[in-house]
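Below is one structure, written out as structure tokens; comments come after it.
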Amino acid sequence: MTTEPVRTWESAEAAEVWRRSAARRARTVAAATDKMFEAARLRPGMRVLDLAAGTGDQALLAAQIVGPAGSVLATDISPSMLAVAEESARDAGLSNIETLVADASRVELPDEHFDAAICRFGLMFLPDLQAALERVHRALKQGARFAALVWSTEDRNPYISLQIDVVRAMGRVPSPPPSIVRTVVLGGSGQLEHALHSAGFGLVEVTAVPTPRDFASVDEAFEAMRSSSPAQGELTRAMSDQEREHYAAELKRRLASYVESDGRCILPGEALLGSGTK
Ligand SMILES: C[S@@+](CC[C@H](N)C(=O)[O-])C[C@H]1O[C@@H](n2cnc3c(N)ncnc32)[C@H](O)[C@@H]1O
């Protein structure tokens with residue numbers, strides 16, 4: 001299995017990119033994140049597991065919901081991402097968040113310990129998804145809910161597909177496949193349901209959640225793609241200057257077809273929210 005996504009996320013640069021893009025990301029996925037909390041039935045006093053927590057955006061929100069009587073364990077493979085999460089928790093005055101650096105497929109968790117578990121846009125990157133989901137299942141109390149967001153298919157997510165399509169058309173998709181290619185691997189019909197069922201979850205539900213992105217212009221959309229994704233570097237790293245110029249021009253040309261009459265560049269998007277009960 002590829003190691004490229006892990007290398008992408010483990011760098012200090014990735015954590016910095018992710019931290020800087022927090023505000024835009026929060027706007028895009030706010031509604032989906034709220035739905036994930038509802039699907040996990042978060043309540044004050046609960047102990048929550050957050051898998052692939054990254055810089056902890058959703059862990060901090062969950063910590064506010066569960067309050068001082070509850071707690072959140074934010075786990076991720078990347079120490080630099082979790083270091084940002086810890087700093088953000090301190091800045092927000094939240095003392096009910098703990099972090100744990102671990103590969104989700106091997107993370108050691110106490111049995112029947114958590115009242116709920118969440119994972120926001122992390123499952124797609126796990127080399128052994130089944131092992132990770134089984135660990136989550138084991139760590140949950142009987143009747144507890146797990147809720148996870150993943151991206152749906154490329155055709156419903158032009159923010160993702162446009163970048164990949166240009167690189168594909170240029171015959172320059174890096175090997176092993178970069179993170180951005182993995183972002184949609186669980187988007188196909190029935191895949192998330194199947195993974196949750198196979199790990200032992202019952203009452204499995206998967207629903208689509210719109211995640212449109214609204215940019216003031218094509219240039220702003222392009223700049224967001226360039227600056228707010230650790231994957232952008234991966235896509236163009238091996239390109240010559242000339243190829244990079246072609247990539248930028250072609251991506252902007254394709255983005256132009258999403259410009260509305262007021263000049264705004266609006267890209268539709270879709271996530272899948274999967275949930276299940278132990
Ligand atoms: C797209 S980010 C999502 C971060 C955060 N949940 C959010 O929504 O902002 C994906 C996260 O998955 C983490 N990740 C990748 N592979 C992992 C693995 N094998 N085990 C645990 N975390 C992993 C990365 O370090 C990164 O923080």
Check 71, 78 and return the single one that is within 12 Å of the ligand (Cβ to nearest atom) and either without any contact (Cβ under 8 Å) to a residue 60 or more places away in the chain or not hydrophobic (A, V, I, L, M, F, W, C) (or both). 78
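Conditions tested, residue by residue: (1) among the charged types (D, E, K, R); (2) at pLDDT 95 or above; (3) farther than 20 Å from residue 52 by Cα.
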{"position": "187", "(1), (2), (3)": "no, yes, no"}
{"position": "195", "(1), (2), (3)": "no, yes, no"}
{"position": "204", "(1), (2), (3)": "no, yes, yes"}
{"position": "208", "(1), (2), (3)": "no, yes, yes"}
{"position": "216", "(1), (2), (3)": "no, no, yes"}
{"position": "237", "(1), (2), (3)": "yes, no, yes"}
When region 220-250 is examined, which residues are found to be assigned to a helix (DSSP H, G or I) and under 14 Å from residue 267 (Cβ atoms)? 220, 221, 222, 223, 224, 225
Matching residues, region 251-278, being farther than 30 Å from residue 122 by Cβ and of a type in the set (A, V, I, L, M): 256, 259
From the option list 183, 207, 211, single residue qualifying as under 23 Å from residue 144 (Cα atoms) and in contact (Cβ under 8 Å) with a residue 24 or more places away in the chain is 207
Could you please give the count of residues in region 20-31 that are crowded, with 19+ Cβ neighbours inside 10 Å and either free of Cβ contacts under 8 Å to residues at least 40 places away in the same chain or more than 10 Å from the ligand (Cβ to nearest atom) (or both)? 1
Selection count where residues are in contact (Cβ under 8 Å) with a residue 24 or more places away in the chain, more than 10 Å from the ligand (Cβ to nearest atom) and over 21 Å from residue 139 (Cα atoms), scope region 33-60: 1
Quick one: in region 112-132, which of the residues that are touching a strand residue (DSSP E or B) at 6+ places or on another chain (Cβ under 8 Å) and away from the ligand (no atom under 11 Å from the Cβ) is nearest to residue 74 (Cα to Cα)? 117
Single residue of region 63-76 satisfying the filter (more than 15 Å from residue 136 (Cβ to Cβ) and among the hydrophobic types (A, V, I, L, M, F, W, C)) that is surrounded by the fewest Cβ atoms within 10 Å (Cβ to Cβ): 69
Name the residues in region 171-209 that are in a strand (DSSP E or B) and of a type in the set (A, V, I, L, M, F, W, C), would you? 203, 204, 206, 208, 209
How many residues of region 81-108 are of a type outside the set (Asp, Glu) and within 12 Å of the ligand (Cβ to nearest atom)? The answer is 14
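The values are calculated or read from the model by the stated rules, or taken from the named source; none is laboratory data. Keep in mind the model is a prediction, meaning the values are calculated, not measured. In this analysis, Cβ positions are derived from the backbone assuming ideal geometry, glycine residues included, and neighbour counts consider all displayed protein chains.
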